[in-house]
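Visitor: Before anything else, here's the structure in question.
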Amino acid sequence: MAETRTSSGRRKARVVALQVLYEVDGARHDPFSAFEKMLSLSPLAPPTEAFARHLIEGVLENREKIDKTISTFAPTWPIGQMAVVDRNILRVAIFELTIGGETPPKVAINEAVELGKVFGSDSSPRFVNGVLGSVMEAANTGGES
């Protein structure tokens, strides 16, 4: 049960959430079917599954607000032209940073950068770190987020 509290449990949940959100965004599949399919291929411990579900549902429910934040802090990259994987890494991290309320900011940023290293392009980690750093800076100074 302690798996969700460990970085490996939470990291697994973030990977699953990213994969589901990527499938939803890129192929327009139903998020809940995609999640169930992912779980059938690679079952998660109950707390890890619950955290993954929390991330997926949170991003989907708040996508408009999250995308507005991305557009504010990555103005030279229109959301529709951004790489699908980068866009969804940012969505998960911004949900965790600004809405989710469970993850310390540095952890959310580090995890997003790690996802960028594994799933994104060579430039993804730096791009993700830059956008999320700006989001945090604005949050700490009372600016837009």
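Visitor: Could you give me the radius of gyration and the Dmax of the chain, taking only the C-alpha atoms into account and expressing both in angstrom?
Guide: 14.3, 44
Visitor: Sticking with this structure for a sec: Between Val107 and His29, what's the calculated FRET efficiency when r is the beta-carbon distance and R0 is 22 Å? Round to 0.05.
Guide: So, using R0 = 22 Å, E works out to roughly 0.15.
Visitor: Assuming R0 = 25 Å, what is the FRET efficiency of Arg11 and Thr76, from their Cβ-Cβ distance, to the nearest 0.05?
Guide: For Arg11 and Thr76, the calculated efficiency is 0.25.
Visitor: Take each complete run of DSSP H in the chain, measure how far its Cα atoms stretch along the helix's own axis, and keep only those covering 30 Å or more with mean Kyte-Doolittle hydropathy at least -0.5; list them.
Guide: In the chain, no H run is both long and hydrophobic enough.
Visitor: Another one. Using the beta-carbon distance between Glu137 and Glu61 and R0 = 22 Å, what value does 1/(1 + (r/R0)^6) give for FRET efficiency, to the nearest 0.05?
Guide: 0.30
Visitor: In addition: Please identify every one of the GluC sites (Glu not before Pro) in the stretch 47-145 that sits in a loop by DSSP and has no more than 16 other beta carbons within 10 Å of its own beta carbon.
Guide: Glu102, Glu144
Visitor: Let me ask another. Quickly work out the Ser40-to-Ser121 label distance, labels modelled 7 Å from Cα along the C-beta direction, and quote it in nm with one decimal.
Guide: It is 3.4 nm.
Throughout, read-outs are computed from the coordinates displayed, never taken from laboratory work. This structure is a prediction, so every number in the text was calculated from the model and none was measured. In this analysis, Cβ positions are derived from the backbone assuming ideal geometry, glycine residues included, and neighbour counts consider all displayed protein chains.
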